[in-house]
Amino acid sequence: MSVKAKIGPSILNADLSNLAAESQKLLDNGADYLHLDVMDGTFVPNLTFGHPMVKSLRNKIKTAFFETHMMVQKPEQWIEPMADAGVNLYTFHIEPVEDVDKVSRLVQEAGMKVGLAIKPGTKVEDLEKFVSIADVVLVMTVEPGFGGQSFMADMMPKVEWLRANYPNLDIEVDGGVGPKTIECCAKAGANMIVSGTAVVGAIDQAEVIREMRDVVQRYTK
Ligand SMILES: O=C(CO)[C@@H](O)[C@H](O)COP(=O)(O)O
Ligand SMILES: [Fe+2]
């Protein structure tokens, strides 16, 4: 296996009125990348922010790696604006998309890496046919839409299956991940860890990030 352990805090439950400072604090505390949750109120029953907010954040934070987790019904609609906003990794859900290959190509042509996400109810086999075009696959460990939910350990067989079949693939987990659930994710084979509440709400963010990275590193060696 030659994948790197990376911790990407989700800023969903941070103080969004103070997004740049909250994001910079996470980076200063050791975050490897920022996970920006974009929700359109249709694909999921919640609404967050779009490319204008991401672009404003990019103006303040020049070099960090930005992932947008696109919980939207029409991911093809936001490719150009998100590329223009300075997004590095454009992760979209395959469920509402008719032609995943085509949308992935458009993401690449716009200069971003491709992330493909599945909801808890989606079989890993549905993702398998697109793995070759993906830079990252995201296995959701909660129903998308809200931060602060409980981790679904029953999603781990999907991660195990992906790791067994794709030793060098970047496999991300998202939802309810923190110090209590990290071992389970790392053991299954996840190497990109999204963590919202557990990191953002921590008294010592640096310690929580370090602790989770250490656990993942033990399994990625
Ligand atoms: O995409 C989502 C939720 O839909 C996530 O990124 C969560 O927002 C992560 O937050 P926690 O579950 O870690 O609090
Ligand atoms: Fe997310």
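The values are calculated or read from the model by the stated rules, or taken from the named source; none is laboratory data. It should be emphasised that the depicted structure is a prediction, and the values quoted were computed from it without experimental measurement. Methodologically, a virtual Cβ is constructed for each residue, glycine included, from the backbone with ideal geometry; neighbour enumeration extends over all protein chains shown. Remember, those area values only see protein heavy atoms, side chains included, never the ligands or the DNA or RNA. Shrake-Rupley method; radii C 1.70, N 1.55, O 1.52, S 1.80 Å.
Which aspartates and glutamates, if any, have their Cα less than 16 Å from the Cα of LYS62, not counting same-chain residues under 8 positions apart?
Of all the aspartates and glutamates, those that pass the test against LYS62 - Cα under 16 Å, at least 8 places apart if same chain - are GLU22, ASP28, ASP32, ASP84.
For the pair THR42 and THR220, what calculated FRET efficiency results from E = 1/(1 + (r/R0)^6), where r is the Cβ-Cβ distance and R0 = 41 Å, to the nearest 0.05?
Numbers: r = 36 Å, r/R0 = 0.88.
That gives a FRET efficiency of 0.70.
Given +1 on the Cβ of Lys and Arg, -1 on the Cβ of Asp and Glu, and no further charges, what dipole in debye does the stretch 99-221 carry about its Cα centre, rounded to the nearest 20?
Details: 14 positive and 18 negative charges, 39 e Å.
Magnitude of the dipole: close to 180 debye.
Modelling each spin label as a point 7 Å along the Cα-to-Cβ direction, I'd like the GLU160/ASP204 distance in nm, to one decimal.
3.3
Given a 1.4 angstrom probe, what's the average accessible area per residue across the chain, in square angstrom? Before the final figure, lay out the partial values.
On the way: 9600 Å² over 221 residues.
Counting only protein heavy atoms, the per-residue value for the chain is 43 Å².
Need the C-alpha centroid separation for the stretch 190-205 versus the stretch 84-99, integer Å.
23
Rg (Å, one decimal) plus Dmax (Å, integer) for the alpha carbons of the stretch 70-216?
Rg, Dmax (Cα atoms, Å): 15.1, 44.
Could you give the size of the charge dipole of the chain about its Cα centre, using +1 on the Cβ of each K and R and -1 on the Cβ of each D and E, expressed in debye and rounded to the nearest 20? Numbers along the way, then the final one.
On the way: 22 positive and 30 negative charges, 104 e Å.
My answer is approximately 500 debye.
Among the lysines, select those whose C-alpha is under 20 Å from the C-alpha of LYS119, and discard any that sit fewer than 8 residues away in the same chain.
Result set, ordered by chain and number: LYS74, LYS129, LYS158.
Report in % the part of the accessible area of the chain that belongs to carbon and sulfur, leaving out ligands and nucleic acids; probe 1.4 Å.
Details: 4710 of 9600 Å².
Roughly 49 percent, rounded to a whole number.
Might you work out the accessible area of ASP135 for me, using a 1.4 Å probe with all protein chains in place, and round it to the nearest 10 Å²?
Probe radius 1.4 Å; accessible area of ASP135 about 60 Å².
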